[in-house]
Structure formats: structure tokens, C-alpha cells
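Worksheet for the structure shown next.
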Amino acid sequence: RKTAYDAKLAAIQKKYPPATVKDFANHIDYVVKLIGIDHAGISSDFDGGGGVDGWRNAGETFNVTLELVRRGYSEADAANILGGNWLRFLGRNLPS
């Protein structure tokens with residue numbers, strides 16, 4: 001089964017190139033337009049393997065930040081997307 005899985009995965013990877021940071025930022029743009037900047041949030045697979053070229057681990061998060069800035073997101077908006085919105089949500093929804 002593992003051999004069959006690996007063959008299918010290789011075929012998919014050959015047909016579809018890996019997503020890039022720009023592709024990922026396109027998705028962020030879509031989410032922001034759909035639900036608003038105050039509700040968009042991302043995270044990484046902190047130890048690697050996330051599958052996005054340019055953001056393979058938390059050490060490459062700067063690449064996402066840079067792409068957001070290039071697209072015109074303010075420092076505050078980028079900070080909220082990169083974690084501020086999650087922290088605000090958790091602060092309102094955790095028991096005291």
C-alpha cells in the first residue's frame with residue numbers, strides 16, 4: 001500500500017507544482033475580502049512540511065510577512081493576520 005501511495009503522490013506532485021508564498025497570499029487576500037481583515041488568521045506547521053515553497057517552516061514566516069507588505073497590508077493588519085486575531089479570539093473565548 002505504501003508503494004502505491006507513494007506512486008500516486010508522485011503523480012500528483014508532478015502534475016501540480018507546490019504552492020508558493022504568492023499563492024498563499026492570494027488565498028489570504030481572498031479570505032480578507034470574504035470575511036474581513038479582523039477575522040483572517042494563519043499559522044504554520046512550525047517544524048516543517050507545510051508544503052508551501054518559501055514557507056516550509058516557521059523560520060520562513062518573514063517571507064509571508066514580506067509578501068503581505070508588498071500587497072499593501074499595513075503593519076497592524078499583517079500583525080493581526082499573523083497571530084493578533086487569534087490571540088484576540090482566544091482572549092475572548094477562554095474561561096477565566
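Summary table
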item: Test: residue in the stretch 42-54 that is modelled with pLDDT of 95 or more and open to solvent by less than 30 Å² (accessible area, probe 1.4 Å); result: no
item: Inter-residue pairs, beta-carbon under 6 Å, first within 17 Å of Ser43 (Cβ to Cβ) and in the stretch 64-78, second part of a loop (DSSP other than H, G, I, E, B), 6+ apart; result: Val64/Trp55
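The values are calculated or read from the model by the stated rules, or taken from the named source; none is laboratory data. Bear in mind the structure is a predicted one, so any value in this text is a computation, not a measurement. Neighbour counts are summed over all protein chains in view; Cβ atoms, including those assigned to glycine, are modelled from backbone coordinates with ideal geometry. Surface areas here come from the heavy atoms of the whole protein model, side chains and all, with no ligands, DNA or RNA. Shrake-Rupley method; radii C 1.70, N 1.55, O 1.52, S 1.80 Å.
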